[in-house]
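In what follows, a single structure is set out as structure tokens and then discussed.
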Amino acid sequence: MQIAPDSLRRFATEILSRASGQPAHAAKVADRLVIANLTGHDSHGVGMVPKYVEGIRAGQLNPEARLEVLSDKGPFLQVDGHFGFGHVITEEAMELAIAKARENHFALLSLRNSFHIGRIGDWGEMAASAGFISIHYVNVLSPNALVAPFGGSAARFATNPYCTAIPATDKTPMTVLDMATSTIAHGKARVAYLSGKKVPWGSLIDAEGRETDDPTVMFEEPQGALTTFGAHKGFGLAMLADLLGGSFSGGGAYLPERVVDSRIVNNMLAILIDPNVFGGAEAFFGDLDAYTAWVKSSPPAPGVVEVMVPGDPERHARKARALEIPVDSGTWTQLIDTAKLVGMDRAEIFAFAGS
Ligand code: NAD
């Protein structure tokens with residue numbers, strides 16, 4: 001079905017608000033989830049609402065948790081999210097980091113113990129909008145290991161995302177590379193599973209370690225695993241995210257003793273850099289403009305409409321989805337079940353669906 005972004009935002013806000021008793025936080029989270037849908041990342045959109053409600057009901061997501069600053073040394077900031085709503089915690093942490101970067105031309109933010117922080121591009125874009133280059137290493141402590149190391153046949157860690165964002169110029173929109181280190185995000189396997197579709201061949205392995213395109217291996221026994229992108233290279237980046245996002249922050253790398261049912265934790269290292277720290281911003285951005293135009297001028301290969309740069313697919317999705325967001329039937333059913341769970345009646349639910 002297709003739903004207007006505002007209806008989806010209000011529906012997600014209402015569910016999260018009833019589940020958490022924190023309407024202001026619920027509205028912030030719902031807003032960010034709908035941005036994920038608008039940018040084409042349904043895996044990190046409103047389909048996460050049931051997981052957040054499950055986390056609240058299990059006592060693993062604390063909707064009242066506030067960010068705590070553990071250490072504040074010049075440009076270095078270490079914060080603890082105390083398992084609060086990730087979008088709320090991370091927005092506040094990034095605001096603090098941006099203030100530090102304004103003072104010091106640089107900031108290093110080490111964030112630990114936040115419930116799921118969603119699309120990392122949100123945080124890269126936030127820094128880039130404030131004028132900073134921003135680099136993010138993030139690990140995930142999810143109840144099950146999801147991704148197999150290169151050469152392995154069983155999962156050992158999660159989808160550990162990486163992001164780098166560069167501010168826009170008059171000629172070039174923001175450059176935002178924002179990606180899972182798995183070949184596909186786990187949520188994309190979930191969306192494919194719920195809508196009865198296949199995933200790209202080799203993005204998953206079955207329980208025996210054989211490549212497959214069947215998402216059921218992630219959701220039915222015997223469990224398979226996601227693969228890392230780019231073979232050993234993506235695996236290396238995934239490990240760095242666990243070590244720099246997880247171990248360095250104190251939240252911890254993925255180890256079985258750290259994972260808890262119904263809890264999806266992210267730990268993040270964010271590095272913010274003033275592009276003018278050496279007085280060279282004009283030359284830097286001039287080069288960015290020329291280089292981006294040069295790269296995009298490569299004639300498209302057969303079957304390709306245009307050469308895109310990181311951030312382009314999300315901008316295209318935003319245009320295409322500005323009026324209506326497609327929601328697959330599996331995700332919609334889960335949302336309705338969750339709405340009922342938090343006490344919404346049929347009429348209230350269908351008021352949001354517009355039918
Ligand atoms: P993706 O594969 O759709 O895109 C990855 C990057 O490649 C993006 O920057 C995109 O702009 C760029 N890109 C895509 N197609 C392109 C093309 N044809 N040409 C040039 N550039 C292109 O993203 P993904 O790996 O599926 O990740 C989806 C989202 O999941 C991200 O927002 C990520 O932050 C999020 N995520 C979050 C967590 C978490 O625990 N919070 C974990 C994993 C992933």
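Applying the set (1) without any contact (Cβ under 8 Å) to a residue 40 or more places away in the chain; (2) within 15 Å of residue 146 (Cβ to Cβ); (3) open to solvent by 70 Å² or more (accessible area, probe 1.4 Å) to residue 206 leaves exactly one unmet item: (3). Exactly one residue out of 76, 85, 106 is within 22 Å of residue 254 (Cα to Cα) and touching a strand residue (DSSP E or B) at 6+ places or on another chain (Cβ under 8 Å), and it is 85. Looking at this structure, is residue 192 farther than 22 Å from residue 48 by Cα and modelled with pLDDT under 95? Answer is no for this residue. Residue count for segment 40-73 under the criterion of being more than 16 Å from the ligand (Cβ to nearest atom), farther than 13 Å from residue 116 by Cα and assigned to a loop (DSSP other than H, G, I, E, B): the result is 6.
When residues in segment 121-133 are screened for being open to solvent by less than 10 Å² (accessible area, probe 1.4 Å) and away from the ligand (no atom under 13 Å from the Cβ), 1 of them pass. Note on segment 40-79: residues that are closer than 19 Å to residue 267 by Cα and surrounded by 24 or more Cβ atoms within 10 Å (Cβ to Cβ) total 6. Within segment 147-176, restricting attention to residues that are near the ligand (Cβ under 10 Å from one of its atoms) and under 22 Å from residue 257 (Cα atoms), the residue that is surrounded by the fewest Cβ atoms within 10 Å (Cβ to Cβ) is 159. For segment 177-189, the tally of residues that are more than 6 Å from the ligand (Cβ to nearest atom), open to solvent by less than 30 Å² (accessible area, probe 1.4 Å) and in contact (Cβ under 8 Å) with a residue 60 or more places away in the chain stands at 2. Scanning segment 316-345 for residues that are open to solvent by 70 Å² or more (accessible area, probe 1.4 Å), under 22 Å from residue 125 (Cβ atoms) and not aliphatic (A, V, I, L, M) yields 316, 318, 319.
Rundown of residues vs (1) closer than 20 Å to residue 39 by Cβ; (2) in contact with a His (Cβ under 9 Å, 6 or more places away or on another chain), yes/no style:
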{"residue": "270", "(1), (2)": "yes, yes"}
{"residue": "287", "(1), (2)": "no, no"}
{"residue": "295", "(1), (2)": "no, no"}
{"residue": "307", "(1), (2)": "yes, no"}
{"residue": "313", "(1), (2)": "yes, no"}
{"residue": "316", "(1), (2)": "yes, no"}
{"residue": "331", "(1), (2)": "yes, no"}
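Those residues that are in a loop (DSSP other than H, G, I, E, B) and either open to solvent by 70 Å² or more (accessible area, probe 1.4 Å) or under 30 Å from residue 56 (Cα atoms) (or both), I need them from segment 254-286; list them, please.
If we filter segment 254-286 for residues that are in a loop (DSSP other than H, G, I, E, B), which is where we start, we get 254-255, 259-264, 274-280.
Those that are in a loop (DSSP other than H, G, I, E, B) and either open to solvent by 70 Å² or more (accessible area, probe 1.4 Å) or under 30 Å from residue 56 (Cα atoms) (or both): 254, 255, 259, 260, 261, 262, 263, 264, 276, 278.
Do we find that residue 22 is within 20 Å of residue 317 (Cα to Cα), more than 12 Å from the ligand (Cβ to nearest atom) and of a type outside the set (A, V, I, L, M) in this structure? Walk me through it before giving the result.
On the way: within 20 Å of residue 317 (Cα to Cα): no; more than 12 Å from the ligand (Cβ to nearest atom): yes; of a type outside the set (A, V, I, L, M): yes.
No; evaluated as a whole, the condition is false for this residue.
Checked against (1) within 15 Å of residue 205 (Cβ to Cβ); (2) open to solvent by less than 20 Å² (accessible area, probe 1.4 Å); (3) out of contact with any Ser or Thr (no Cβ under 9 Å at 6 or more places or on another chain), residue 141 meets all criteria but (1). Yes or no: residue 289 more than 16 Å from the ligand (Cβ to nearest atom), in a loop (DSSP other than H, G, I, E, B), within 30 Å of residue 94 (Cβ to Cβ) and charged (D, E, K, R)? So residue 289 does not fit the description; no.
The values are calculated or read from the model by the stated rules, or taken from the named source; none is laboratory data. Please read these numbers as outputs of a predicted model, since none were measured by experiment. Glycine gets a Cβ as well: all are built from the backbone with ideal geometry, and neighbour counts include every protein chain shown. Surface accessibility is based on the protein's heavy atoms, side chains included, excluding ligands, DNA and RNA. Shrake-Rupley method; radii C 1.70, N 1.55, O 1.52, S 1.80 Å.
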